[in-house]
Amino acid sequence: MFRRSGGKIDLPSVSPALARIIQITNSPDASAEQVAEVVMLDQSLATKVLRIANSAYYSRRVKAETITEAVVTLGFSSIRHLAASASVIDALFPKQMFPGFDWREMWSHSVTCAVGTEVIYARMSRMQGAESAFVAGLLHDVGKLIIARALPQRFLQVVDACREYNRPMELEEQALLSTNHAKIGGDLARSWQFPESLIEAILYHHSPEDSPKYEALARAVGAANMLAKRMSRSYLIGISNDISIEEITEHVGMSVEELEHITMVVRRRMGHCGDILAWGDAMPKAKRAA
Ligand SMILES: [Fe+2]
Ligand SMILES: [Fe+2]
């Protein structure tokens, strides 16, 4: 599934089902039935869509019993994003274990970042690109999956270097690979024809000031990324997530009180994310020292 991208890293190609979903949900004339038909072609995706439509996270009063109802409940844009996320996770999450790296912990970090981005971005009251907020947070580190699958030995070197020098992954990636997971994730989002807001949010989550059109969204992802690190264990085993609340408030221009309130809301919403968090159960769990 990997193909040459012109550089050193191979980008996975988009699956025919996902390409069709992106195409059909982008079309103003598509009906819920047409979208449902495409989703139903992929059994694992159909199950995920139905479960998420009925999950506590969306807390709709009327339960969706068919995929068509789920499409109507969630809306085209959410379906496209969920379908894209589910396909990315199914296709890209490494089945392989890497010493010192815990994929399940990374998935939990990604879900926390997704919820955090949604809450922080809504708080910033910038509605442009808002429908991308959850997925932008969910997929912000997708570049790490691509590196791990395409260049497993290099990925291990990056993880080792992070441990040795206690520096963030993007810096070690840049030093060892002359690129980093944000750029690779942005390339993937572009090649899979994701919306511009999503491309920019992934590409600039560590450098929002460089984002030409969606700086606020990229900044929200960056802040949620830091918040997620504060709220959960590190997926780099043995390395602490040392981020102060002041570092986040400075990044996003909020008060400590506001951020503490956001943390509380995120924690509460995480309690409703069972179905999405459960996707991580199938991922390899690294051993931790007692
Ligand atoms: Fe990142
Ligand atoms: Fe992250």
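Hey, any hits in the stretch 241-252 for a residue that's at negative phi and touching a strand residue (DSSP E or B) at 6+ places or on another chain (Cβ under 7 Å)? Full working, then the answer.
Let us first name the residues in the stretch 241-252 that are at negative phi, namely 241-252.
Applying the additional criterion that residues be touching a strand residue (DSSP E or B) at 6+ places or on another chain (Cβ under 7 Å) yields none.
No, the stretch 241-252 contains no residue that is at negative phi and touching a strand residue (DSSP E or B) at 6+ places or on another chain (Cβ under 7 Å).
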Here the residues within the stretch 123-140 that are modelled with pLDDT of 90 or more and over 16 Å from ILE52 (Cβ atoms) are ALA136, HIS140
Has the stretch 96-113 got at least one residue that is within 15 Å of ligand 2 (Cβ to nearest atom) and assigned to a loop (DSSP other than H, G, I, E, B)? yes
Report every pair of residues separated by at least 6 positions or lying on different chains whose Cβ atoms are under 6 Å apart, first residue within the stretch 207-224 and more than 9 Å from ALA136 (Cβ to Cβ), second of a type in the set (Phe, Trp, Tyr) and at pLDDT 95 or above. ASP210/TYR204; SER211/TYR204
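Out of ALA189, ALA228, ALA218, ALA201, which single residue is in contact with a Pro (Cβ under 6 Å, 6 or more places away or on another chain) and within 26 Å of ILE9 (Cβ to Cβ)?
On the way: ALA189 fails: in contact with a Pro (Cβ under 6 Å, 6 or more places away or on another chain); ALA228 fails: in contact with a Pro (Cβ under 6 Å, 6 or more places away or on another chain); ALA201 fails: in contact with a Pro (Cβ under 6 Å, 6 or more places away or on another chain).
Just one listed residue meets the conditions, ALA218.
The values are calculated or read from the model by the stated rules, or taken from the named source; none is laboratory data. Because the structure is predicted, anything quoted here is derived from the model rather than measured. As a convention, Cβ positions derive from the backbone with ideal geometry for all residues, glycine included, and neighbour counts pool all protein chains shown.
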